[in-house]
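Colleague: Pasting a structure here, questions to come.
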Amino acid sequence: MTSLDAMIAAAVDQLRTANAPTQALAESVPEGRRLWVVRRPATMRPLGRVWRLGVFLLAAEDPAGLVAGPALLTAGPVTTARERGRLGYQSRSLEERRDVQAAAFRGGYPPGEPVTFGAEPIDLAACAAACAAGGDLDAGSLLVRSGVPLARWRADADAGSCPPLDRYLAERIELLGR
């Protein structure tokens, strides 16, 4: 187990011990083909539960089932599951948000449940290898510079403004536990 793997495993243990709240993680399934005049509406397929830690999502088990153990993902958008309701045509963006909320509801989530979707997995094996070799790697929200894992908290942030991952996770865990 590398130091990065140990850091992620320790974060999972802290969150479990603190009984920190989790969010639902889902995959967005687009509208299906039409069969005669009936179309299959968009929905969300449940993938599991995650802890939201700022720009990261932490899962106790890999939602894709590709690797054993915890998984770190780049956080995606969040919606709240709700029934669609009537078309109001107040604004296009409002109607699009309602469609996304209805997709979460159709995915089986109860009304009011926050659902994260569109999350991107981070290749922890590649990041751990870069850390062990003292190299550099850009894995989206997770940067490795000179073997040190950093949290990129903003898309255009340079490595100099990114905090070390262990400190970032500790702060986020403390905030989530409150």
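Here, each number is a calculation from the coordinates, and none is a lab measurement. The structure presented is a predicted model; accordingly, all values stated were derived computationally and were not measured. Note: ideal-geometry Cβ built from the backbone for every residue, glycine included; neighbour counts use all protein chains shown.
Colleague: May I ask you to list the residues in the range 103-119 that are surrounded by fewer than 19 Cβ atoms within 10 Å (Cβ to Cβ) and farther than 12 Å from PRO77 by Cβ? First the steps, then the outcome.
Modeller: Let us first name the residues in the range 103-119 that are surrounded by fewer than 19 Cβ atoms within 10 Å (Cβ to Cβ), namely 106, 108, 110-114, 118.
Matches in the range 103-119: ARG106, GLY108, PRO110, PRO111, GLY112, GLU113.
Colleague: Using the structure shown, decide if LEU87 is in a helix (DSSP H, G or I) and surrounded by fewer than 20 Cβ atoms within 10 Å (Cβ to Cβ).
Modeller: On the way: in a helix (DSSP H, G or I): no; surrounded by fewer than 20 Cβ atoms within 10 Å (Cβ to Cβ): yes.
In short, no.
Colleague: Please determine whether any residue of the range 111-130 is touching a Phe, Trp or Tyr at 6+ places or on another chain (Cβ under 7 Å) and either touching a residue at least 60 places away in the same chain (Cβ under 8 Å) or over 22 Å from LEU57 (Cβ atoms) (or both). Outline the logic, then answer.
Modeller: Step one: of the range 111-130, the residues touching a Phe, Trp or Tyr at 6+ places or on another chain (Cβ under 7 Å) are 111, 115.
With the extra rule that they be either touching a residue at least 60 places away in the same chain (Cβ under 8 Å) or over 22 Å from LEU57 (Cβ atoms) (or both), the set shrinks to 111, 115.
Yes, the conditions are met somewhere in the range 111-130.
Colleague: Any idea how many residues of the range 131-178 are in contact (Cβ under 8 Å) with a residue 60 or more places away in the chain, closer than 21 Å to ALA60 by Cα and not hydrophobic (A, V, I, L, M, F, W, C)?
Modeller: So the count comes out to 7.
Colleague: In the list ARG167, ARG145, which residue meets the criterion of being of a type in the set (Lys, Arg) and within 29 Å of THR17 (Cα to Cα)? Write out each step before concluding.
Modeller: On the way: ARG145 fails: within 29 Å of THR17 (Cα to Cα).
From the options ARG167, ARG145, the qualifying one is ARG167.
Colleague: Restricting attention to the range 137-145, does a residue exist that is surrounded by fewer than 17 Cβ atoms within 10 Å (Cβ to Cβ) and in contact with a Phe, Trp or Tyr (Cβ under 8 Å, 6 or more places away or on another chain)?
Modeller: Checked against the condition, which is being surrounded by fewer than 17 Cβ atoms within 10 Å (Cβ to Cβ) and in contact with a Phe, Trp or Tyr (Cβ under 8 Å, 6 or more places away or on another chain), the range 137-145 yields no hits at all.
Colleague: Still on this structure, I have one more. Could you look through the range 155-165, keep only residues that are surrounded by 11 or more Cβ atoms within 10 Å (Cβ to Cβ), more than 18 Å from the chain's Cα centre (by Cα) and not hydroxyl-bearing (Ser, Thr, Tyr), and pick out the one that is farthest from ILE8 (Cα to Cα)? Working first, answer last.
Modeller: At the first step, the residues of the range 155-165 found to be surrounded by 11 or more Cβ atoms within 10 Å (Cβ to Cβ) are 157, 159, 161-165.
Imposing the further condition that a residue be more than 18 Å from the chain's Cα centre (by Cα) reduces the set to 157, 159, 161-164.
From what's left, not hydroxyl-bearing (Ser, Thr, Tyr): 157, 159, 162-164.
Values: ALA157: 22, ALA159: 21, CYS162: 18, PRO163: 16, PRO164: 13 Å.
Result: ALA157.
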